[in-house]
């Protein structure tokens with residue numbers, strides 16, 4: 001029997017995104033975009049503290065939500081989110097890129113830990129829900145982080161030095 005740290009928790013993406021971003025929406029991730037209408041500004045431009053709302057798919061039946069921790073460029077951000085690479089785990093500052101033809105963040109690829117690179121799948125997204133304020137890293141809920149990528153994974157992934165430094 002092993003001891004579990006008091007702060008270890010199984011996180012779903014929606015409760016984690018709500019606590020990390022300050023966007024007070026409840027329910028499954030696939031309902032966030034619709035619930036945000038009239039309550040929060042929404043759009044297609046990434047901003048720190050905003051939540052990227054993924055659509056539900058056959059493989060992701062309740063969608064996904066992830067907070068933007070940093071904008072790297074027009075088509076690249078770093079996300080902080082839960083329940084992606086490891087069930088219930090949290091990842092900070094993982095790479096996500098816009099692969100949509102229009103450059104509008106409607107189709108996204110996201111770093112996937114077990115592969116040590118961007119995942120092989122592209123996921124449809126509704127866009128960004130903007131928070132009134134972005135929370136600083138020291139105000140994020142205590143979490144148990146997914147293991148950091150190793151040097152080989154970082155080399156294979158290109159410009160992901162920020163991910164290794166953050167983890």
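The values are calculated or read from the model by the stated rules, or taken from the named source; none is laboratory data. What you see is a predicted model, and the numbers here were worked out from it, not measured in a lab. Heads up, the Cβs are rebuilt from the backbone with ideal geometry, glycines too, and the neighbour counts pull from every protein chain shown.
So the values come out like this:
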quantity	calculated
Sole exception among (1) surrounded by 18 or more Cβ atoms within 10 Å (Cβ to Cβ); (2) modelled with pLDDT under 95; (3) within 14 Å of residue 67 (Cβ to Cβ) for residue 82, by number	(2)
Options 5, 48, 15: the member that is out of contact with any strand residue (DSSP E or B) (no Cβ under 6 Å at 6 or more places or on another chain) and modelled with pLDDT of 95 or more	15
Condition broken by residue 135, with the remaining ones in (1) exposed (fewer than 15 other Cβ atoms within 10 Å of the Cβ); (2) at pLDDT below 95 satisfied	(1)
Residue ID - surrounded by the most Cβ atoms within 10 Å (Cβ to Cβ), chosen from residues in the range 113-132 that are farther than 16 Å from residue 99 by Cα and modelled with pLDDT under 95	131
Failed criterion for residue 56 (all others in (1) within 21 Å of residue 27 (Cβ to Cβ); (2) touching a residue at least 40 places away in the same chain (Cβ under 8 Å); (3) surrounded by 15 or more Cβ atoms within 10 Å (Cβ to Cβ) hold)	(2)
